[in-house]
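The values are calculated or read from the model by the stated rules, or taken from the named source; none is laboratory data. Keep in mind it's a predicted model, so treat the numbers as computed, not measured. So basically every Cβ, Gly included, is an ideal-geometry build from the backbone, and we count neighbours across all protein chains shown. These accessible areas exclude ligands, DNA and RNA; they are computed on the full protein's heavy atoms, side chains included. Shrake-Rupley method; radii C 1.70, N 1.55, O 1.52, S 1.80 Å.
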Amino acid sequence: MLTQDILNALKGYAANMQKTVTFVLQTGEHSKREELKKFLSDVAGISDKIQLEERDTNGVLRSSVSFLLEADSEDTGIRFSGIPGGHEFNSFVLAMLHASGTPLKIDDSVKGIVKGVKEALNFEVFISLSCHNCPDVVQALNQFALLNPNITAEMIDGGLYQSLVKERDIQGVPSVYLNGELFANGKVDASTLIDKLLERDPSLKQANAGQSLPLQDVTVIGGGPAGVSAAIYSARKGLKVTVIADRFGGQVKDTMGIENLISVPKTTGPQLVGNLAEHMKDYEITLKEHVRVESVEKGNIKTLTLSSGEQIKTKTIIVATGARWRELGVPGEKENIGNGVAYCPHCDGPFFKGKDVAVIGGGNSGIEAALDLAGIVKSVTVFEFMPTLKADQVLINQAEKRDNVTIIKNAATKQIVAQNGKVTAIEYQDRKTNEVHSLPLAGVFVQIGLVPNSQFMKGVVELTQHGEIVVDSKCKTSEPGIFAAGDVSTVPYKQIVISMGEGAKASLSAFEYLLAHEVEDESETKAA
């Protein structure tokens, strides 16, 4: 399973381990146990700081294909049930390194919240090894466990625990349980987990109350292509720059195939996000990740209040918060998220193997989702509201060649029907005849575009009726000193390359604003 090249790379990472990490593998019988044992044994062989022990944990571990991590013989609270391959291999490696003493890359305000938890929190996160969003959640929970001995985190591979998945009626990943009860599912990330912890205990914010940083020249809200571009351009000007991102990378992280980023013939969202992070590390930029801006106070010096409870004062703001998946807004949608309604075909497609599903939306994302799902499911029916598809012709041609893809145009989704907690059908109206039809199916994937993440700016700057921040040709908003870039703004054509350019433009405009205001301040001082 692990090639020599991978083991050699791991050996380099392990060279700086400070504590001895022990993989404690539960004893017992299972068809996959020998494979897991060899996996762990191979990793243990790269360093004398890594050990493997087979032990009866007296019910601490779930089964004989479960293992936990100890650091210098102390339980870290990290458990894996399954073989952490695929996208979860990085989660495993990071857990091992962090347990051994490698510093956690997590914001101090988030650390304060997690360390403040007093009750016992036992997290279980059900994942699919093909899910590219799941590692973010697994890695965040593993760090929580390392920060607080009251917290445990268990990754559970749904493919190996199908009876448990069926028992809990799980139809989407990541699906997070806390102390045996559903905690979060569907579109989950680390900031969602922090928000829910704060909902349980608002007093956790108190440790972060007050101003956390010196006065900033530029504060960028958003960590996608526009935000990172703005931050780098600002830092290159020698400005004090902070980036606030609830999820670094934003929607780009969910894009599997990118072939139109000029000079980069082919890449993926996760690869591009990794490159953005690496590039940003070359500059003195403060990154506050997994927290959100809850409010903005206008003025010559602007004040941002974060979900963590802390405040940041800044001379200028660049809003680059992008957009999120648009919801259908029909009965049965919200009630069945994670139980048949999904927004990520890459993450949740495997749960519908051999079943009939629908994709709502005939744009590029909808047709791409249908093509992805066609290789997994029994059939895909694409519903498009308009009389014609909006997707690129090359994608339409591919879809039309698939025997198990059906396209229905001029169709308005009326409701998603469920029985016993599972989606069973979709009702739609033929917009030409007004006749209502019902199509039996097991899953609905919603791909109808994006909604700007601008709600926190309402009343601060001018927004369109669709929620986009109104900007001029220099990314200026209606409020002096506040700029906006990328998909959250009125700039047409929501493309990665355009967002990057707009981020750079917003940064240059902010720099121009700072120079002008410094001149004004100096003149006022002389006049006085």
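Data table
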read-out: Carbon/sulfur fraction of accessible area - the range 116-177, other protein chains in place, 1.4 Å, %; value: 49 percent
read-out: Residue-normalised accessible area of the chain, expressed per residue, 1.4 Å probe, Å²; value: 45 Å²
read-out: Residue-wise HN-Hα coupling along the range 432-440, computed from phi with Karplus coefficients 6.51, -1.76, 1.60 (Hz; x: Gly, Pro); value: 8, 9, 6, 6, 9, 10, 10, 10, x
read-out: Residues with amide H under 5 Å from that of D356, placed H, sequence gap 5 or more; value: K378, S379, A442
read-out: Reduced Cα scattering model of the range 1-135, Debye log10 I(q)/I(0), q = 0.09 Å⁻¹; value: -0.27
read-out: Dipole magnitude (debye, nearest 20) for the chain, charges at Cβ of Lys, Arg, Asp, Glu; value: 480 debye
read-out: Shape box of the range 365-418 [Cα atoms, principal axes, largest first, Å]; value: 29, 25, 17
read-out: Gap separating the Cα centres of the range 54-125 and the range 166-187, nearest whole Å; value: 18 Å
read-out: Over the range 174-251, relative contact order from alpha-carbon pairs under 8 Å, at least 6 apart, %; value: 26 percent
read-out: For N122, residues with placed amide H under 5 Å, excluding near neighbours; value: T152, N179
read-out: Largest to smallest principal axis extent of the C-alpha atoms in the chain, angstrom; value: 83, 68, 45
read-out: Local electrostatic count, K414, Cβ distance below 12 Å [Lys/Arg +1, Asp/Glu -1]; value: -3
read-out: Net charge, L164 excluded, C-beta distance under 10 Å - Lys, Arg +1, Asp, Glu -1; value: +1
read-out: Share, in percent, of DSSP beta bridges within the chain that are antiparallel, nearest 5; value: 45 percent
read-out: Dipole moment magnitude, nearest 20 debye, the range 108-211 about Cα centre, only Lys, Arg, Asp, Glu C-beta charged; value: 220 debye
read-out: Phi-based couplings in Hz for the range 399-414 (Karplus 6.51, -1.76, 1.60; Gly and Pro marked x); value: 5, 5, 7, 7, 5, 9, 10, 10, 10, 10, 9, 6, 10, 9, 5, 9
read-out: DSSP-defined beta bridges in the range 1-149 - what % are antiparallel, rounded to 5; value: 60 percent
read-out: Heavy atoms of S473 accessible to a 1.4 Å probe, total area in Å² rounded to 10; value: 90 Å²
read-out: Order by protection proxy (mean Cβ within 10 Å, highest first), peptides 439-445, 241-247; value: 241-247, 439-445
read-out: The range 233-353 - percent relative contact order, Cα under 8 Å, separation 6 or more; value: 21 percent
read-out: Three principal axis lengths of the range 147-199 [C-alpha, angstrom, descending]; value: 31, 24, 15
read-out: Area of R402 that stays accessible when all protein chains are in place (1.4 Å probe, Å², to 10); value: 90 Å²
read-out: Segments 125-131, 31-37 sorted - mean Cβ within 10 Å per residue, highest first; value: 125-131, 31-37
read-out: Percent antiparallel among DSSP beta bridges (both partners in the range 145-263, rounded to 5); value: 50 percent
read-out: Net dipole in debye of the range 71-167 [+1 Lys, Arg Cβ; -1 Asp, Glu Cβ; about Cα centre; nearest 20]; value: 120 debye
read-out: Accessible area of the range 1-83 belonging to carbon and sulfur atoms, whole % at 1.4 Å probe; value: 42 percent
read-out: Whole-percent pair-distance distribution, where bins are 5 Å wide, for the alpha carbons of the range 386-528; value: 2, 8, 11, 12, 12, 10, 11, 10, 8, 5, 3, 2, 2, 2, 1, 0
read-out: Protein accessible area in the range 371-528, 1.4 Å probe - carbon and sulfur %; value: 51 percent
read-out: Gyration tensor (alpha-carbon) shape descriptor, the range 173-255, a/c threshold 1.5; value: oblate
